[in-house]
Every structure is written in C-alpha cells, then in structure tokens.
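*Asks:* Shown below is the structure under consideration.
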Amino acid sequence: MSVRFFDTYTRQLETFTPQDPAAVKLYTCGPTVYNFAHIGNFRAYIFEDLLQRHLEARGYGVLRVMNLTDVDDKTIRGCRQLGVRLAEFTKKFKDAFFDDLATLRIKRAQHFPAATDYVEQMIEMIRVLMDKGVAYQAEDKSLYFRIGKFADYGKLAHLNLEELRPSGRIQSDEYEKESIGDFALWKAWDENDGDVRWDSPWGPGRPGWHIECSAMATALLGPELDIHCGGVDNIFPHHEAEIAQSECVTGRKFVRTWLHCAHLMVEGEKMSKSAGNFYTLRDLIEKGWSGREIRYALLTVNYRLPLNFTFDGLAGARSALGRIDEWVVRLTERSKDASTPVADAVDFSAHTERFFTALDDDLNISGAMGQLFDLIRESNRAMDAGKFNATSAAMLLVQWERINSVLGFERDAVAIPAEVLMLVEQRQAARAAKNWAESDRLRDAIAELGWIVKDTKDGAKLTAR
RNA sequence: GGCGGGAUAGCCAAGUGGGAAGGCCGGGGUCUGCAAAACCUCUACGAGCGGGUUCGACUCCCGCUCCCGCCUCCA
C-alpha cells in the first residue's frame, strides 16, 4: 500500500517516495509572530499535523521543521508601537503560539527555527546569489533576486509571467527594481526600522521574507526536502521565490512534493476583521469550545477543499466526539468484563485498515471518518447483541489507539473531585431506598459542582458539564 | 483578462460508468422512578441548469449559471 499526495507542482496525484523513509524531510511554513494566530492559520497547522501523524502511522520517521518569522514589517511595526525590543515583542507571541499548538494537540516539530537566529545563513545564501549574478543591489541599497535568471520561475503557481495583470498593490515604491517581479532578498535599513538591523556586506538591513525559509530549510534539512507545505496563498510568490533562491544556490531540486491547504471561510464568508468573523484560537476557547472540538472541526474536511467553519459545525464536532467517547468507555468496560462469552470473538481489523487506506489517498479524512463511524456503529451493534467478548473489545481498543494516534481525539483525562464522588455515593444509597426526592436533590447538587450524573444499566456515570 | 478549485439532503461531506459512504440536526424505538445520556433505527426516485456519448451518467464530453481562490511578502 502506498501513500499518494496531490502535488501542487505537477497538479497530479503522485506516489510518495521520500529519499529516506526513516527520516522524511518535512518543512512547514510557520507563523509570523506579531499577533495571536487565528483559526485559519491553525487549519494549515492541523493539516500538517495530520500529514505527519499519518506518515508516522505508516511507518515513516518524520523530521519536521516549522519556522517562526520573527522579523518583518508587522513585527517591527508592533514592537515600535509598544516601544519594546523586537525580541521581547515576538517572545510573547511565540510562547502563545506554542500554547495554542498544545491546546490543539498538534505534535511538536523537531525544530522551530526563528528567522533572527539564521540571519548569518541568509546572508551567506545571498552572497552566493550575488556571486552568480542572479541578485543585484538596487539604488535603494536593497538586494533583489533577478527572476529573469531563473527559467522555472512561475512553474509552481502555473503562472505565465508575461500575462500577469498588474495589481494595485505593487504599483508604487518598487521603481528601483530592474523588473517588476524581482523580489527582495535583503531590505536596506531605514529609520522606520529603528534598532532592528543586521550588518551585511551590502550595508545594514534585514532579510527579506522568502530567504528565511530557504536558509532555514536547507540549514536544517539539507538541499532537498521531501515535502514542503503551506497555505495556498503561499504558493505565489513565497514558495516560488523559495524555489528560485534555493535551487540557484544549491543546484539541486529543492522540493520533491508541494502540498498546499485551502483557506477556511467562517459562516460562509471570508474571514476578516472587518466582517466581524475573525477568530483566534483564544477567542473560541473563551466562548467555551475545547481545543479538541476545534481540532475536530478543522481536521475533518479534506485539506484541499475550502473549509466552512461554523458554530453549527463546532456543535456537531462536540456531539460526534461525545459519541466516540461513549464508545471508548463502553469498549473499555467490556474489555474488563470476564463474564462475556469467549467463543464469539469479532474482528474489526478490516475497518481499521480501510481507515488508513483512505488516508493513504491524499489524506482523505472524510472517507477515513466514515470508516471509523461504521466501525463504531457495527461494534456497538455487536455489543448490544452480546456477541462481543472481552478479548474482542481489548483488540478493538488497540485498533482505536492506532486510529487515534492519527486523529488525536481522545478525551481529556479529568479527575473527579472527592466531593462529587461522595454525593454520588449518597445518591446511590437514596436510589437504593427509592427515595426519589433525595436522589433528585443530590443530582442537582452534583450538577452545581459541574458534573452531570446519568443512571445507566451499569450504574451511575459522571460527565463533566 | 489569465490560471486554478468547486456546486451531492436542513447543515457538513465521501466514493463511484451499473445498488447515492459517514457525521450533525430531526422523527421513531429500546433502556429508565423521573430526567438525561447511550444504543438501535428511519430520513436524497435524486446530484446547480441544458444538451450529448452510452444498454446504462451524480460520475465521461460540450455549453450555461453561480460561488471561491491566486495573479508580487496573507495559513
């Protein structure tokens, strides 16, 4: 069974063949740390998390790098407005970003290089580009990449550069460049940059955005990456520029497979601050949604399709997760129940295999989730029918762990307070005595402590509200 | 204007040239002191519109409508 991905460069499904299956080189464009990341950003990071987890489930070792852009126009503007040093300003948002990753159960990359720690490597790459004549210094002292020197420029985005329609935002301020499409490698210092500056052979300044990723990717992963991901908006010009810079320096193919995820919409509209539908992860947590509910909502739509993020969808995520939770609890109990028949072991491993086979097909998460819910319904049915013994349940739990290693949907472990347990015990006694009034009073008291008690065939069960 | 993606039930959404997955919501049932939960079960004679190819089209082809994205530093 082979894994296939839709490669942005070829626009085709391609069989995945990494250079070294034990160390798949995965580079994912990370955040610019000038603000709290929003759910659109996290859609991309969750897609990349699914990618990493599925590759690992399929036996690959993944070496992942996610960069942090901690110097650019926005971070400089932000720190200048607050009158603090750049590093101090970005530290806050770096920390917040890592907290958010944990909230969403996104696995950590092996490396989170910050741009400001790799300026030396960027300067070195630029020097090579200057030596080769593919970069030049313009009148404004900034250095630019000469796109006319790189024949493949535009091939990732499938753009015909001759036919580009000039858009409004590139008209002014760019007259120093030889060609309108040339992009900045090094931005000469000006007074708006304050004390944010590095020395270079070409004068003080700071690196351009694109060269960051080229430098950090090649420094940490070598000249040739197996997979490079990002949002679709990064295809052009960012990733196009990365290819041009990297390949001109190394002479090697930069990336074997390009994967890009589509944007998300909110309630059917483009997310924007002006439309009032702009949410950071923190905004949603404040509204009472959990990290795993948000994870579910962002994960369960194929990464290449626009995702319509809605509060109905979040509610649906909550219900679906609750159903999975109940199933896991039921399986766990059944696995410990020695009284179940031994003869009728039921094997659901075919469902599990289909779950992974679906993901092999360009991370078809919808198909995979369909398999999971088929598995849940059919095993519930088997348990209802009394056909499902402890051994079968234990086997199925092992399969669930495999599935969940990719999904990351397990319930948070919550400790039940002793006070609640005590009330539940009192209530059990009241119920045994058929003292329903007292039983109902205790149920209310438990509810006030934040727990819902449910009387099932197997006794009282508690759920955090 | 160029390039690309899309339209499947109230909402989200998959696969497939021949019986339209799955989830949420909703209806019914089982269980139950009550409640809640859970579980089971039902819910698209039809796939944006119009043609065509075919024994057969949601799927392939053509045209149309609408939506979304990118076209020079946004995940």
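*Asks:* Would you call A:Val128 outside any helix (DSSP H, G or I), in the same structural domain as A:Gly30 (by TED's automatic domain parsing) and farther than 24 Å from A:Asn41 by Cα?
*Replies:* Answer is no for this residue.
Residue-by-condition table, conditions (1) of a type in the set (Phe, Trp, Tyr); (2) open to solvent by 10 Å² or more (accessible area, probe 1.4 Å); (3) touching a residue at least 12 places away in the same chain (Cβ under 8 Å):
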residue	(1), (2), (3)
A:Glu56	no, yes, yes
A:Gly61	no, yes, yes
A:Val84	no, yes, no
A:Thr90	no, no, yes
A:Arg108	no, yes, no
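*Asks:* In addition: From the residues in the stretch A:139-171 that are open to solvent by 80 Å² or more (accessible area, probe 1.4 Å) and among the aliphatic types (A, V, I, L, M), which one is modelled with the highest pLDDT?
*Replies:* A:Ala151
*Asks:* Which of the numbered conditions does A:Arg381 fail, given that it passes all the others? Conditions: (1) without any contact (Cβ under 8 Å) to a residue 40 or more places away in the chain; (2) more than 11 Å from RNA strand B (Cβ to nearest atom).
*Replies:* Tallying (1) without any contact (Cβ under 8 Å) to a residue 40 or more places away in the chain; (2) more than 11 Å from RNA strand B (Cβ to nearest atom), A:Arg381 fails exactly one: (2).
*Asks:* Something else: Would you pick out the residues in the stretch A:214-230 that are in a strand (DSSP E or B) and either surrounded by fewer than 20 Cβ atoms within 10 Å (Cβ to Cβ) or among the charged types (D, E, K, R) (or both)?
*Replies:* First pass over the stretch A:214-230, keeping only residues in a strand (DSSP E or B): A:225-230.
A:Asp226 - this is the single residue of the stretch A:214-230 that is in a strand (DSSP E or B) and either surrounded by fewer than 20 Cβ atoms within 10 Å (Cβ to Cβ) or among the charged types (D, E, K, R) (or both).
*Asks:* Of all residues in the stretch A:356-368, how many are near RNA strand B (Cβ under 10 Å from one of its atoms), assigned to a helix (DSSP H, G or I) and open to solvent by 50 Å² or more (accessible area, probe 1.4 Å)?
*Replies:* Adding up the residues that qualify gives 1.
*Asks:* Anything in the stretch A:235-249 that is open to solvent by less than 20 Å² (accessible area, probe 1.4 Å) and of a type outside the set (A, V, I, L, M, F, W, C)? List them, or say none.
*Replies:* Matches in the stretch A:235-249: A:His238, A:His239, A:Glu240, A:Glu242, A:Gln245, A:Ser246.
*Asks:* Here is a further query. Restricted to the stretch A:252-272, and to residues that are in contact with a Pro (Cβ under 8 Å, 6 or more places away or on another chain), at pLDDT 90 or above and part of a loop (DSSP other than H, G, I, E, B), which residue is surrounded by the fewest Cβ atoms within 10 Å (Cβ to Cβ)?
*Replies:* Per the stated criteria, the residue is A:Arg252.
*Asks:* Looking only at the stretch A:244-253, filter to residues that are more than 18 Å from A:Thr69 (Cβ to Cβ) and in contact (Cβ under 8 Å) with a residue 40 or more places away in the chain; which one of those is nearest to RNA strand B (Cβ to nearest atom)? Walk me through how you get there before you give the answer.
*Replies:* Our first condition is that a residue be more than 18 Å from A:Thr69 (Cβ to Cβ); within the stretch A:244-253, this holds for A:244, A:247-253.
Within this subset, residues satisfying the condition of being in contact (Cβ under 8 Å) with a residue 40 or more places away in the chain are A:244, A:247-249.
On the way: A:Ala244: 11, A:Glu247: 17, A:Cys248: 16, A:Val249: 19 Å.
For the stretch A:244-253, the residue satisfying everything is A:Ala244.
*Asks:* Here is a follow-up. Would you point out which residue out of A:Arg323, A:Arg330 is modelled with pLDDT under 90, near RNA strand B (Cβ under 10 Å from one of its atoms), surrounded by fewer than 21 Cβ atoms within 10 Å (Cβ to Cβ) and part of a helix (DSSP H, G or I)?
*Replies:* Selected residue: A:Arg330, the only one of A:Arg323, A:Arg330 that is modelled with pLDDT under 90, near RNA strand B (Cβ under 10 Å from one of its atoms), surrounded by fewer than 21 Cβ atoms within 10 Å (Cβ to Cβ) and part of a helix (DSSP H, G or I).
*Asks:* Still on this structure: Which one of A:Lys94, A:Lys107, A:Lys25 is assigned to a helix (DSSP H, G or I) and on the phi < 0 side of the Ramachandran plot?
*Replies:* Step by step, each of A:Lys94, A:Lys107, A:Lys25 is checked, and only A:Lys94 is assigned to a helix (DSSP H, G or I) and on the phi < 0 side of the Ramachandran plot.
*Asks:* How do the pairs read when you match residues in the stretch A:257-274 that are hydrophobic (A, V, I, L, M, F, W, C) with residues anywhere that are in a strand (DSSP E or B) and surrounded by fewer than 16 Cβ atoms within 10 Å (Cβ to Cβ), using Cβ under 6 Å and keeping only pairs 6 or more apart or on different chains?
*Replies:* Going by the 6 Å Cβ cut-off, the qualifying pairs are A:Met265/A:Asn308.
*Asks:* Going by what's in this entry, would A:Ile285 be described as buried (at least 19 other Cβ atoms within 10 Å of the Cβ), part of a helix (DSSP H, G or I) and either in contact (Cβ under 8 Å) with a residue 60 or more places away in the chain or out of contact with any strand residue (DSSP E or B) (no Cβ under 7 Å at 6 or more places or on another chain) (or both)?
*Replies:* So A:Ile285 fails the test.
*Asks:* Any residue at all in the stretch A:61-82 that's within 14 Å of the chain's Cα centre (by Cα) and in a loop (DSSP other than H, G, I, E, B)?
*Replies:* Yes, because at least one residue in the stretch A:61-82 is within 14 Å of the chain's Cα centre (by Cα) and in a loop (DSSP other than H, G, I, E, B).
*Asks:* Another question, if that's okay. Under 8 Å between Cβ atoms, which residue pairs at least 6 apart in sequence (or on different chains) link something in the stretch A:222-239 that is more than 8 Å from RNA strand B (Cβ to nearest atom) and among the hydroxyl-bearing types (Ser, Thr, Tyr) with a partner that is at pLDDT 90 or above and assigned to a strand (DSSP E or B)?
*Replies:* none
The values are calculated or read from the model by the stated rules, or taken from the named source; none is laboratory data. Computed from a predicted model, the values in this text were never measured in an experiment. Virtual Cβ from ideal backbone geometry, glycine too; neighbours counted across all protein chains shown. Quick note on the areas: whole protein, heavy atoms, side chains included, nothing else; ligands and nucleic acids left out. Shrake-Rupley method; radii C 1.70, N 1.55, O 1.52, S 1.80 Å.
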